[in-house]
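What follows is calculated from the coordinates using simple rules that are stated; it is not laboratory data. Fair warning: this is a prediction, and the values are worked out from it, not measured in the lab. Ideal geometry is used to build each Cβ from the backbone, glycine not excepted, and the neighbour counts take in all protein chains shown.
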Amino acid sequence: MDIWLQDVSKSFDKVSALQGLELHVRSGELLGLLGPSGCGKTTALFSICGLHRIDAGRILFGERDVTHLPPQARNVGLVFQSYALYPHLTSYENIAFPLRVRRMKKDVVDERVCRIAEILQIETLLERRPEQLSGGQQQRVAVARALVRDPDVLLMDEPLANLDARLRLEMRSELRRIQRDTGTTTLLVTHDQSEAMSMCDRIALMNGGRLEQVGSPEEIYRQPANQFVAGFVGTPTIVFCEGRAKSGRFVSGSLDLPVSADLKTRIHDGAKIIAGIRAEIVQPHLSVPVQGTIAFVEPVGRESHYGILLGDGTTLRSVQTGAPRFHSGETISWGLDPKGLLFFAHDGTRL
Ligand SMILES: Nc1ncnc2c1ncn2[C@@H]1O[C@H](COP(=O)(O)OP(=O)(O)OP(=O)(O)O)[C@@H](O)[C@H]1O
Ligand SMILES: [Mg+2]
């Protein structure tokens with residue numbers, strides 16, 4: 001089921017939470033709604049499920065205009081950060097609840113609960129109450145309850161936020177598998193860029209009630225529309241250097257970087273531009289020189305992260321595989337892969 005948000009606006013008193021939001025969730029996809037705290041993610045989700053009435057715009061499920069329908073008429077499954085299971089009911093009864101409310105026959109309920117429990121791999125947990133389940137198991141029960149009615153749309157708001165780090169990683173691939181198995185059109189709200197990057201077919205990055213960019217994780221990472229997007233995705237965070245165009249190159253302090261042939265034709269000498277330098281493009285033995293001092297070293301398991309202090313005070317980052325081979329305070333003459341450079345105009349749009 002395709003979901004369309006057309007020019008959707010929503011305010012709370014003086015706070016404008018959504019400002020003309022345009023979004024298309026494609027049928028069957030897992031779309032990540034990503035953005036900083038307060039950017040309007042939950043408001044967008046509540047507007048889609050009907051818990052908020054929007055001030056302007058339209059919301060369509062396929063051909064059906066649901067803008068003025070109450071939540072129960074929209075056929076949406078919801079999963080929140082707090083699982084909100086009924087504590088006195090077993091997993092079975094929790095999952096069956098939405099069906100019982102609709103007065104479905106017992107054997108139909110039984111068949112549906114067992115089918116969804118199988119997909120979620122919780123068949124052996126059906127007789128337990130929430131207090132007898134781990135956080136991850138409770139989350140599966142909550143997802144089963146949201147899916148048991150075969151909703152047209154599954155909406156999840158930070159569903160993994162309450163889990164410990166290891167379980168969160170495990171549940172990422174579990175949720176992805178479940179979403180593929182059921183083929184349910186899904187919107188996943190998260191403020192965790194690595195979660196969105198690893199789980200979603202596409203990512204919609206929001207900021208201040210608007211969309212900055214929608215694209216595949218790869219597009220968002222490699223072809224960010226602007227500086228905000230580039231700065232939001234990727235660890236370590238991309239480093240921005242302000243400089244100027246000079247004879248078809250980017251110059252800033254000790255950096256003198258080539259720009260692509262195509263970009264050369266679009267910038268004029270003296271223009272203020274910003275270079276975005278990701279940690280993976282700074283490596284020993286690359287051609288475009290980067291000289292500085294190692295400011296810090298962080299061994300991170302399989303990788304080592306370095307901070308490189310340049311003459312002008314900028315600290316570049318470098319990620320290298322393996323244990324640290326350089327130490328803090330060392331003067332280095334490394335290089336940079338110009339193909340991975342991103343350039344932005346002074347208003348932040350990518351050049
Ligand atoms: N019921 C409400 N009453 C008043 N203001 C609200 C209400 N709900 C949200 N807001 C405001 O609307 C804006 C968007 O909030 P929203 O909850 O959608 O953000 P979010 O992106 O989900 O953030 P987070 O990542 O912290 O959950 C915020 O400025 C918030 O304070
Ligand atoms: Mg929220």
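Some notes on this structure:
- Electrostatic dipole magnitude of segment 119-195 [Cβ: Lys, Arg +1; Asp, Glu -1; Cα centre; debye, to 20]: 140 debye
- Under 5 Å, built H, 5+ apart or other chain: amide partners of VAL189: LEU33, MET156, ASP157, GLU158
- Electrostatic bookkeeping for TRP4 treats Lys and Arg as +1 and Asp and Glu as -1; over the other residues with beta carbon under 9 Å from its beta carbon, the sum is -1.
- Per-residue Cβ neighbour counts within 10 Å put HIS327, HIS24 in the sequence HIS327, HIS24, beginning with the fewest.
- When the chain is treated as a GNM with alpha-carbon contacts under 10 Å, the residue of VAL153, VAL251, VAL229 showing the greatest mean-square fluctuation is VAL251.
- Close Lys pairs in the chain (alpha-carbon distance under 21 Å; sequence gap of 8 or more, or different chains): 8.
- Estimated from helical segments only, the mean residue ellipticity of the chain at 222 nm is -7500 deg cm²/dmol, where each DSSP H run of four or more residues counts as -39500 (n - 2.57).
- Taking a ≥ b ≥ c as the square roots of the eigenvalues of the Cα gyration tensor, segment 31-170 is classed as oblate, since a/c reaches at least 1.5 and a/b does not exceed b/c.
- Residue exposure sequence - SER194, SER47 - by fewest surrounding Cβ within 10 Å: SER194, SER47
- Three-way shape label, segment 193-305, alpha-carbon gyration tensor, a/c 1.5: oblate
- Summarising the amide proton neighbourhood of MET206: residues at separation of 5 or more, or on other chains, whose placed amide H is nearer than 5 Å comprise LEU34, GLY35, GLU212.
- A dipole drawn for segment 184-312 from +1 and -1 charges on Cβ atoms has a positive end, and of THR235, THR186, GLY276 the residue lying farthest that way is GLY276.
- Charges were assigned to the Cβ only: +1 to each Lys and Arg, -1 to each Asp and Glu. The resulting dipole of segment 239-345 about its Cα centre is roughly 260 debye.
- Pair ALA161, ARG249: separation of 7 Å Cα→Cβ label points (nm): 4.8 nm
- For segment 148-159, the Karplus equation 6.51 cos²θ - 1.76 cosθ + 1.60, evaluated at θ = phi - 60°, returns couplings of 5, 8, 6, x, 5, 9, 10, 10, 10, 10, 6, x Hz by residue, with Gly and Pro reported as x.
- The chymotrypsin sites (Phe, Trp or Tyr not before Pro) of segment 1-103 include none that meets both conditions, a loop assignment by DSSP and at most 14 other Cβ atoms within 10 Å of the site Cβ.
- For the chain: relative contact order, % (alpha-carbon pairs under 8 angstrom, 6 or more apart): 15 percent
- Dipole check for the chain: with +1 at the C-beta of Lys and Arg, -1 at the C-beta of Asp and Glu, and the Cα centre as origin, the magnitude is about 340 Debye.
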